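The values are calculated or read from the model by the stated rules, or taken from the named source; none is laboratory data. Remember, predicted model here, so these are calculated numbers, not experimental data. Reconstructed Cβ throughout: ideal geometry from the backbone, glycine too, with neighbour counts over all protein chains shown. These accessible areas exclude ligands, DNA and RNA; they are computed on the full protein's heavy atoms, side chains included. Shrake-Rupley method; radii C 1.70, N 1.55, O 1.52, S 1.80 Å.
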Amino acid sequence: MREVFYPGGKKRITHLCIAAHQDDTEFMAYSPIAACYRKKNLCFGSVVVTDGAGSPRSGAYAAYSDEEMKKVRFGEQKEAARLGGYGVQYLLDYSSAQVKDGGDEKIETELACILREERPRLVYTHNLADKHITHAGVAVKTIRALRRLPDGELPEKVYGCEVWRDLDWLCDEEKIILDCGDDLEFSRALSGTFQSQIAGGKRYDLACEGRRLANATFSQSHACDRYTMLNYAMDLTPLVKDRSLDIADYVAGYIERFSACVRSALDRLTR
C-alpha cells in the first residue's frame, strides 16, 4: 500500500524527516514543521518507513485487524500532512522486521532514491540511542542511504531526534536545540491527529508537549526561560560526511563523554 501524497502539489523540499512510524514525524520533528509552515522559501517533507500494522489498539480500535489498522494510520498521517502544510508525504509500507534486519538493503535503497529526488537541505531522523529498536533501525538505514549519495548531493545537516528516549542527557555543548516556537494550538492540533493511538491508551500528544515544555525550562539553570518549547537532537552529520566512521562507536562516544562529564563534576565535589 505504498503511497506518495502531495497535500498542496509538488514542491521543493528543504527539510525532510525520515521516521519509523505514523506520528513519529510530528513528535520528533515538530520544530522544522513549525519553521516551514506557510513559508514561501521553506517546505517540509516526511517519509514514514513502516506500515503501522503492529500498533497497540483498544477501545474503538480494539477489534481492528492489522490491515484495517494500517489504513487508519495511513489516513491519520495524510491528515497530519495536510494540516502541517507538508510538501510531500511518503508512506513506504515496510514491516518492522525489515527495518530491524541489518542485512536487508531494500529500505536504504529506496531512501537513497527519495533523498536524490527531494534533495533536502536538512534531514531529521531518530537518534541512535533511541530505546525503540525500530526507531534506531530507521536511523541506521537513513545514514546508510545518505552514504550512498555523492558528496555534492548530501544535506547540510543530519539530526537524530528524541522520541523513545530523551536527549537531555547529552553534554550541553553537544545538544542540538530545536526551537518549537510558542504555538501550542498548532502543536496540539497536529499531535491530536493520531486518534487511533490516543484512543488506544497512549497519550503521546500530552507526553510530547510535556517534554518540549520541560526541555525549555530545564535547559538553563541560571537564566530565565529563553524558549517556550524545544526538542533536542543529536548531530549525525559527521557519520554522513565521513563514511569510515563506525555508527555504534559514534553514539558510544556521546555516552562516554556524558559519563566523563558526570564523573568530573562529582570528583570536584568529593575530593
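Just the residues that are touching a helix residue (DSSP H, G or I) at 6+ places or on another chain (Cβ under 6 Å) and either aliphatic (A, V, I, L, M) or without any contact (Cβ under 8 Å) to a residue 12 or more places away in the chain (or both), please, taken from segment 212-246. Across segment 212-246, the qualifying residues are Asp225, Met229, Leu230, Leu239, Val240, Leu245.
With respect to being touching a residue at least 12 places away in the same chain (Cβ under 8 Å), open to solvent by 80 Å² or more (accessible area, probe 1.4 Å), within 29 Å of Arg119 (Cβ to Cβ) and basic (Lys, Arg), Arg148 fits the description. Annotation: of all residues in segment 222-258 being closer than 19 Å to Asp130 by Cβ and among the small types (Gly, Ala, Ser), the one that is surrounded by the most Cβ atoms within 10 Å (Cβ to Cβ) is Ala233. Within segment 111-145, being free of Cβ contacts under 8 Å to residues at least 60 places away in the same chain, of a type in the set (Asp, Glu) and more than 15 Å from Lys100 (Cα to Cα) holds for one residue alone: Glu117. All of Tyr61, Tyr37 fail the test of being in contact with a Gly (Cβ under 9 Å, 6 or more places away or on another chain), of a type outside the set (D, E, K, R) and modelled with pLDDT under 95, apart from Tyr61. The residue list Lys71, Lys131 contains one member that is assigned to a loop (DSSP other than H, G, I, E, B) and out of contact with any Cys (no Cβ under 8 Å at 6 or more places or on another chain), which is Lys131. Put simply, of Ser46, Ser55, Ser31 the only residue that is open to solvent by less than 40 Å² (accessible area, probe 1.4 Å) and out of contact with any strand residue (DSSP E or B) (no Cβ under 9 Å at 6 or more places or on another chain) is Ser55. Of all the numbered requirements in (1) within 22 Å of Tyr254 (Cα to Cα); (2) at pLDDT 95 or above, Ser219 misses one, and that requirement is (2). Note on segment 80-118: residues that are within 18 Å of Cys36 (Cβ to Cβ) and crowded, with 16+ Cβ neighbours inside 10 Å amount to 13.
If you check Arg263, Arg211 for being under 17 Å from Ala29 (Cβ atoms) and at pLDDT 95 or above, only one passes: Arg211. Applying the set (1) of a type outside the set (Asp, Glu); (2) more than 17 Å from the chain's Cα centre (by Cα); (3) open to solvent by 40 Å² or more (accessible area, probe 1.4 Å) to Gly75 leaves exactly one unmet item: (3). Residue check: Glu173 meets all listed conditions (1) farther than 29 Å from Lys71 by Cα; (2) in contact (Cβ under 8 Å) with a residue 24 or more places away in the chain; (3) in a helix (DSSP H, G or I) but one, namely (2). Take segment 176-206 and flag every residue that is surrounded by fewer than 22 Cβ atoms within 10 Å (Cβ to Cβ) and outside any helix (DSSP H, G or I). Ile176, Ile177, Asp179, Gly181, Asp182, Asp183, Gly192, Ala199, Gly200, Gly201, Lys202, Arg203 - these are the residues of segment 176-206 that are surrounded by fewer than 22 Cβ atoms within 10 Å (Cβ to Cβ) and outside any helix (DSSP H, G or I).
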